[in-house]
Amino acid sequence: MTSASAALPQQPGRTKAFLRLVMIEHSVFALPFAYIAALTAMYRWDENIHWGRLLLVTVAMVGLRTFAMAVNRIIDREIDARNPRTAHRELVTGAMSVKHAWTGALVALVVFLGAAALLNPLCLALAPVAVVPMVLYPYGKRFTNFPQAILGLAQAMGPIGGWLAISGEWSWEAVILGLAVGIWIGGFDLIYACQDVETDRQVGVKSVPARFGVPAAIWGARACHTVTTALFAWYAVATDAGVFFWLGLLIVAGAFGYEHTIVRPHDLTRLNRAFFSVNGFIGIALFVCALLDLLVRGLTV
């Protein structure tokens, strides 16, 4: 057996390791909101769903998120090695090499830029702006106690980009939705960071819970999610949303309430349920309700 043929079986393993590295399944958090923005823009444009453009929005979103996660893992690999919770990650254990992680990241970046170019010139021109906070975020925890603000800025790009992909024009309605999503994700990342507070203090990683304590982080998350709910309501008013969107907003408000009853300053035992299950549900629930609302108002499949 030649060395080349011996290497062939390793490729699927590398692919699986890379997909685990970037946690591809977590695209569910931001992707629904890009769809809401894109579909609302389609409704405003000609009341038809343009499946080709929606596919390109999907490719662009997944490509950019994959790039961001890969770069995050590469930059943070030494910090991850010093944290028992993250010491199993692929770049720490050797399941994925830094070289292959960079290769995957660059491929994802090319995919994102290619999708942006196929959408319209404005998307391509603004694509580098979307990339900057993705790269800046992992460095944020080294120089600011508020890295979640950078994460929120990065996540706000999704809905704005989704609207631009369809209209080719700037939209303040999309900015409202983007801010809602960014503050929402920044808020639940405040909760998620609470589980690493002791390690972060030892390692020197900066964060709100590490600097101000877990109770402050939890209350900060509650404030973020209150603001998020208000921004969702503002978006509904700005886009003349109907009853189904408002129903979705009530569901989201209820989910936020549930999330903050199961995660308390001195009880983090159900943190993973709040982070993964509840927040995944929020994105899907609001998307389904927003889609129903647009269909009832005249959006044609």
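So in the range 44-59, with the set limited to residues that are touching a residue at least 40 places away in the same chain (Cβ under 8 Å) and not β-branched (Val, Ile, Thr), which one is farthest from Val301 (Cα to Cα)?
Leu56
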Filter the range 241-276 for residues that are assigned to a helix (DSSP H, G or I) and of a type in the set (Ser, Thr, Tyr); which is surrounded by the fewest Cβ atoms within 10 Å (Cβ to Cβ)?
Thr261
Working only within the range 243-301, note down all residues that are closer than 19 Å to Ala38 by Cβ and among the small types (Gly, Ala, Ser).
Gly248, Gly283, Ala285, Ala290, Gly298
Would you mind telling me which numbered condition in (1) of a type in the set (Gly, Ala, Ser); (2) closer than 30 Å to His50 by Cα; (3) surrounded by 24 or more Cβ atoms within 10 Å (Cβ to Cβ) Gly187 fails?
(2)
Being surrounded by fewer than 17 Cβ atoms within 10 Å (Cβ to Cβ) and free of Cβ contacts under 8 Å to residues at least 24 places away in the same chain is the filter; apply it to the range 87-105 and report the residue that is farthest from Gly204 (Cα to Cα).
Thr103
Close pairs (8 angstrom Cβ cut-off, 6 or more residues apart or separate chains): more than 24 Å from Arg264 (Cα to Cα) in the range 275-294, of a type in the set (Ser, Thr, Tyr) and modelled with pLDDT of 95 or more anywhere
Phe287/Tyr35; Ala290/Thr40; Leu291/Tyr35; Leu294/Thr40; Leu294/Tyr43
Give just the number: which of (1) of a type in the set (Val, Ile, Thr); (2) farther than 21 Å from Ile176 by Cβ; (3) in a helix (DSSP H, G or I) does Val205 not satisfy?
(3)
Within the range 148-165, does at least one residue satisfy the condition of being more than 23 Å from Gly63 (Cβ to Cβ), surrounded by fewer than 21 Cβ atoms within 10 Å (Cβ to Cβ) and of a type outside the set (Gly, Ala, Ser)?
no
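The values are calculated or read from the model by the stated rules, or taken from the named source; none is laboratory data. Because the structure is a prediction, the values reported are computed rather than measured. Every residue, glycine among them, receives a Cβ derived from its backbone with ideal geometry; neighbour counts consider all protein chains shown.
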